[in-house]
Structure formats: structure tokens, C-alpha cells
Amino acid sequence: METGFATFDQDGRLLTINDCFVTLSDEERKALLKTKAEHFVLEKSFGKSVNSSLIQTVIRKWQSSDRGFVWQDTVGDKFSLSRYTTSEGNTCYLKVLLENQNADVKVSAPEVLFDIIQSLDIAVALYDSDLCFVLSNKKYADVIALPDDKLRRGRPIEEIMQGMITGYQNTCDHKSIIKNTNEAEKTIERIIKGVSSYKKDHEIERSDGRILSSSSHETGFGGYLVTIKDITEQKKIEEASREADMLLHKIVEACPANFLVSRVSDGKIIYFPPASRDRFGDIETAKSFFIKPQDRENYLKALLPTGVLDDYRVQFRRRDGTIMQGLTSARVTDYKGEDVIVSSTRDITEQIQMQKELEEQKEIAHQNEKISALGGLLAGVAHELNNPLSIVVGYALMLQDKTDDPEVKRRVDRIAMAAERCAKIVKTFLAMARQRPMQIENCNLNEAIEVAMDVAGYGVRVSGAEVSLSLAKDLPFVDADHDQMAQVFTNLIVNAEHALSEKGKEGKLVIRSSFDDLLNEVVVDVIDNGVGIPKEIQARVFEPFFTTKDVGSGTGVGLAFCHRIVDAHHGNLSFRSSGKGGTCFTVRMKVSEVTDENKNVPDIPDKKHLKQGVLVVDDEVDVADLISEILSEDGYQVTVTNSAKDALKKLKARSYTAILSDVKMPGMNGIEFLQHMTAEFPDMAKKTAFVTGDSMSPEVADFIENSGCLHLDKPVSPEELVNLMRSLIQKTRT
């Protein structure tokens, strides 16, 4: 008996060959090993008994099937050549001498295969065309866990399966262990069907948990070559890998971070987790969420040279169309032979907005600090101005009654008017800078408008705009804080000034007041023909910190401040504006239900009752002399002193009908002076009033408010001073 075999790998390279398959010299064998010699070896194995064209046909046939080929050579020897594929994908050829010239002996395939298959590391069994066992290697008996005596030649496959079936369970059977004959028969039937149909990679699970992979191959004699491989470890690795992949998939799917995997070449998205889909929508390419194509080009220019990018500033379009400010970190890696980008983006839109708001608030705080510093400076300047202004105002008004010369009187009147205007402006600045609770009283809005024009009207006039006041006569009073309403109108005038800045001489500002008898309201309109307010931002005009002015030109608090003040007075501030230009702000406030009867000074019919002794205390000699002259002309007997300590000495010598004192004085100030009087002369403390030019000082303001004493802010007019004294005397008599 002669048996030859040869094996080739998947690429047709010769692995092993014996001399019975083909006779080769040592040089030829060495040259052919691991070379693509399949055609050469097969042609040489046929020798001269088969022509070359038939050999080519047979080779093509073998390459497309596992069927064998039988031929007889010139000396009468009959050979069978069979081809089959192993589970590793290698090709095996078996050349078997079936008959020879010396003996009519049929050689069985099991005997031929025995030596070969025993050396294989996979389980191999040969069944004939009737599916009867022929031969197997020991590995086959080990794998199916049956002793060798159970694998007798000629035994039907049904019996072999019946003997080993309790050790198997088919994975297609829902992994349930076979417990009865019906199920065993069904399992055997499936196994036999798999063998007879040449099924490949048919998985079977043993009762001990081992997993086998079975494949059936057709032999040249119409039989079946069965190979079995233990794939338990492979399945464990696959299962572990599958579980790891599943865990990773779940983690990635549940991860709230926004990341994606996209191709470098065309931006096509390879992986897109739910969090990213929620943000960007169901898009197919990373190009979709860049605002402009150039943005992605710049992004790639920054990323590709190194393949690493951290905190790159980007703008992306969200699924709802809004713009997202983000920081992207990315890495370039290889996936299936292509360069891909793994990127993660952090949304910093809110952070940027918060930073912007913080910067705005920082700027507002800076402005407030400047205003506070300006307020302190203004307080000092006002205090220094109040005393000389008091002298100018006082003496100018006194001179009006001292001359009959018309020209002199006209000049004195102009001095008095200018001095009064200066005094009014200083008082307005002090009132606007002073932080104090709202004081509701009968307020004439016309007066508040005039004060606002004195403070802010100059800027409008300098720009060349025409300013027109149309104030209704006999306008009813409203319940309001005069100073705060003056601030409202000042802000509205300043706002109009900005709107008119580009109009030049064509600019017009009209302020008019009227009485709406139908609604019982006082109405003030501030109208300009400036640039107007665009319709798209009109809803935000009264929002705090919202401004359309350039950086440094406005803080966005003016109109919000006005709206808050008017609303606190139970009034209404509204506006109307045309897209073509021009804006009208309207203030509406209810008429006061209280008349102004109590505003007049009590009428003292007989002046002789006022001729009482008055002590005037003021460190400014000129101011003290002015007060003395005014009160003396009104019939008072005035004693002047320029020191609080000296005033206490005078009080020990005699008493006075009233005391009029400054607050801010060197040595002992007015606050300490009142404390000493309260302790030593309590009756005189009740008869004391104060004239001060420093009412914006928190200390002085608290003192005036808590002492209960009457007071008058400098600069003072003769009329105001006389009325103060009459009110003080009236108070001490009640």
C-alpha cells in the first residue's frame, strides 16, 4: 500500500509532502517548501499517465470542490487523489494506491489516513458514505469524551451519537440539557443533518461547559471527514470582549459629555452618542455644526500637525439654531486604516455670559466708586460754595429793597437771579448725591423739571439742539419726593441728549406738562427727534444694565432707575418710538389728595411779638453778619458769636428766644453744641434750629433727621431765613 500526502497553506504555499505523493530530490524539496508550488506538485504527481490539459481541468475542479479524482497509470496501478480543507483553512491532498499489478487488494481509506491524522492537533473522524464510522484520531475520542472501544469501525453515527449524547447540548436548543429520548433523537437528527450537509463551524456545548466547533467535509469517496475543535477559551475571550464592549457601549451611551468620532477626510461622523445628538441633532457630518466652512479649516490646521489639540475656542450651531461658545479638545487616531478625530466639546456659553455680566457689574461698581468719590468732592465743594453764595444771595435780595434807581435795581435783580440759580443748582446736586429714604410731600412737577433743566439742559443746548419748555400753569401737586423726581427728569434729559448727539442744530427737545382731568393725573412728556429706539430692543429698554451706548458712554442703569422711582411713586413711565426716529417718554402721576395749606408759614399778626433775642452761632464771620442783618431788619435782637464754646458761655449769662447755629464748625461743632445744651440748658435746646452747608455728609444728615430740630440748607435767602425763625418760634410756643 502506498499513501502520499501534501499540505498547502491558504495562499498555496507548500507546507509538507512525502515521497509517496511525488518523488522529489532534496534540492527540489527545499526549493518548493513554503513556495506557491501547488500546480507543479500536482502535475508531477500524475506523471505521464494524464495529459496536461486534463491536469489543468482537474486542478480547477479541485479548487472549486472537495471531490477526489481516480486514475490508472500505464502499468496498471490505480490511484485516488482527494482534497479537503482543514479548520485552519489549509489544503490537504491524499494520494492513495487503490490497486497494483501484483495483488488485487483494495486498500481502505482509514488505514491510509491513520498515520496522518494521529499527528493533527484537531479532532478528526472519517465516516463513509453511509455515515458509518471508519477512523479517527485519539484527539477525536478525547474531545467527545468516549472510550476507543465505543468508536468501532462500521458503527453508525446514530449509535455513536446516542452513546455520547448525554454529554452534549446543542446551543441552538436554548442551552437546555436533554433529559428525555425525544429531545435526544431531535439532537442526534440535527447533528447528523449538519454532518450530511457539510455544515461548517457547528457549535456544540458539552455538559461540562466546554464548547466545540464541528465542521464536515466531503471526501473523494463520497464519505465525510469530520473535524472538531475545542473553542471554549476562544468563546470565553469573545464573551469577555463582548461584555467589555457592551459595558463600554453602555458607559459611552450614558456619558453626559459631548464627544464624537469623525473622519478627517470628509468629516463623516463614525460615532455620535446621545448627549451629542441632543445638542447638535441627527447630523451626518461634523461640518454641519461649524458656523462657516472656514471655521473647520482653521480647526484642522490647528489639530493635524501634531494630532493633539486642547481647549481650542470654537463656535458651534446647536440643533435649535442657536450659537454655542465652546472649548474643544481633540486627538487624531487610526480606525480601520483611516485617520479619525476623537473630540470632546465643553459648552462655555453661560460661563462667557457670566463673565460678561461680572465685567459689566465690575464696570458699574467702578462707576459707583467714581460717583461716590465725586459725591464726596461735590459735598466739599458745595460746603465751600454755600457760605459765599449765601452772602451773594442774601445781600442781593436785601439790596433790591434799598434802591429806587431803575438801572441799579435791574442790575441787582440780575445778580440776585444768577445767585439764586447758583444756589438752586448746588442744592439740586446735593439732593441728587444724598442717600436718604424717600420723602413724600406735595410736589410741583414743574419745579422738578426746571431743576432738571438747570442741571442737565446745558449739555443739550451746547450740542446745538433747540430746547422748548411748555409747562402748564396751575399744575396740581402730586405726592412725590421732589429730589427723586428731579433725578428722573434729569436722566430723561441726559438720555435725550445722547439721542440728539448726531442731529446738531436739527435736534429738538420738547418738555411739556399737562393735567389729564379725565384720569386725574399730571402728565409730563419728554420728546426728542433723535435716532429713536429700534423695535427689536424696545422690550428691553427698562432692563437694568441694558444699554445701546458705546462702552464707557453708559451703564444701562438710567432708564431702569427712572422706571423704579416712578413705579415706587405709584406712577407710570412709558415710551413710544418710531423706527424713522424720535422718542417720547411719558411720566403719569396721580394728583395729590392733600392741599398745600400747611406749606405756608404761620401768620403772626403782630411783629412786636417777634422782637425777641436770637443767638446766631457760625464760624464764618460774613455769614453770621448776613444772618444777623436779615433777622435784625425783621425786628429780632440778634447776638452773634463765631464759636460754640463762646455760645455756651453766653447761655450761662442769659436766655434767648431762639438759637440759630451752624453744624460744621472748628473746635466744638453743632452736634456737640446741642448735646451740651441738652445737658445744661434743656429749655434752650428745644429752641434751637440749624443752618448748614454740609447736609450731604452722612453724619450731618443723620443728626438733622434724628435730632428733630428745624434746619435750613445753605445758601439761604432772606425769605427762607425769616420763615425758619417764625416756624421755630411758633414751634416753641406750642
- Matching option when the condition is in contact with a helix residue (DSSP H, G or I) (Cβ under 7 Å, 6 or more places away or on another chain), in contact (Cβ under 8 Å) with a residue 40 or more places away in the chain, polar (S, T, N, Q) and closer than 15 Å to Leu631 by Cβ, among Ser697, Ser727, Ser717: Ser717
- Message: I'd like to know if segment 404-426 contains one or more residues that are in a loop (DSSP other than H, G, I, E, B), modelled with pLDDT of 75 or more and open to solvent by 30 Å² or more (accessible area, probe 1.4 Å).
- Response: yes
- Which strands (runs of 3 or more DSSP E) does segment 656-734 wholly contain that include 2 or more residues that are open to solvent by less than 20 Å² (accessible area, probe 1.4 Å) and not polar (S, T, N, Q)? 658-661, 688-692
- Cross-chain or 6+ apart pairs with Cβ under 7 Å, segment 290-302 first and under 14 Å from Ser343 (Cβ atoms) and free of Cβ contacts under 8 Å to residues at least 40 places away in the same chain, then part of a helix (DSSP H, G or I) and open to solvent by less than 40 Å² (accessible area, probe 1.4 Å): Phe290/Arg296
- Enumeration of residues in segment 203-252 that are closer than 21 Å to Cys132 by Cα and part of a loop (DSSP other than H, G, I, E, B): Thr219, Gly220, Phe221, Gly222, Gly223
- Query: Could we say that Asp266 is in contact with a Lys or Arg (Cβ under 9 Å, 6 or more places away or on another chain) and open to solvent by 40 Å² or more (accessible area, probe 1.4 Å) here?
  - Reply: yes
- Out of all the residues in segment 266-273, is one or more under 22 Å from the mean Cα position of the chain (by Cα), at pLDDT below 85 and at negative phi? yes
- Item | Positions within segment 435-494 being closer than 24 Å to Gly532 by Cα and of a type in the set (D, E, K, R), in sequence order | Arg461, Glu466
- Query: Can you tell me which of Val614, Val594, Val601, Val621 is open to solvent by less than 60 Å² (accessible area, probe 1.4 Å), at pLDDT 65 or above and not hydroxyl-bearing (Ser, Thr, Tyr)?
  - Reply: Val614
- Message: Checking the condition at pLDDT below 60, out of contact with any Asp or Glu (no Cβ under 7 Å at 6 or more places or on another chain) and open to solvent by 20 Å² or more (accessible area, probe 1.4 Å), which residue from Thr166, Thr171, Thr181 passes?
- Response: Thr166
- Give me the pairs: first residue in segment 666-691 and free of Cβ contacts under 8 Å to residues at least 40 places away in the same chain, second residue in a loop (DSSP other than H, G, I, E, B) and of a type in the set (Val, Ile, Thr), beta-carbon distance under 8 Å, and six or more apart or on different chains, which are they? Asn669/Val663; Ile671/Val663; Phe690/Val663
- Message: What's the total number of residues in segment 439-452 that are in contact with a strand residue (DSSP E or B) (Cβ under 7 Å, 6 or more places away or on another chain) and crowded, with 19+ Cβ neighbours inside 10 Å?
- Response: 3
- Count of segment 458-496 residues which are touching a Cys at 6+ places or on another chain (Cβ under 9 Å) and part of a loop (DSSP other than H, G, I, E, B): 2
- Message: Of everything in segment 211-251, what is loosely packed, with under 11 Cβ neighbours inside 10 Å and basic (Lys, Arg)? Give them in sequence order.
- Response: Lys250
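The values are calculated or read from the model by the stated rules, or taken from the named source; none is laboratory data. What you see is a predicted model, and the numbers here were worked out from it, not measured in a lab. Note that we place each Cβ from the backbone using ideal geometry, even for glycine, and neighbour counts take in every protein chain shown. These area figures cover heavy atoms from the full protein model, side chains too; ligands, DNA and RNA do not enter into them. Shrake-Rupley method; radii C 1.70, N 1.55, O 1.52, S 1.80 Å.
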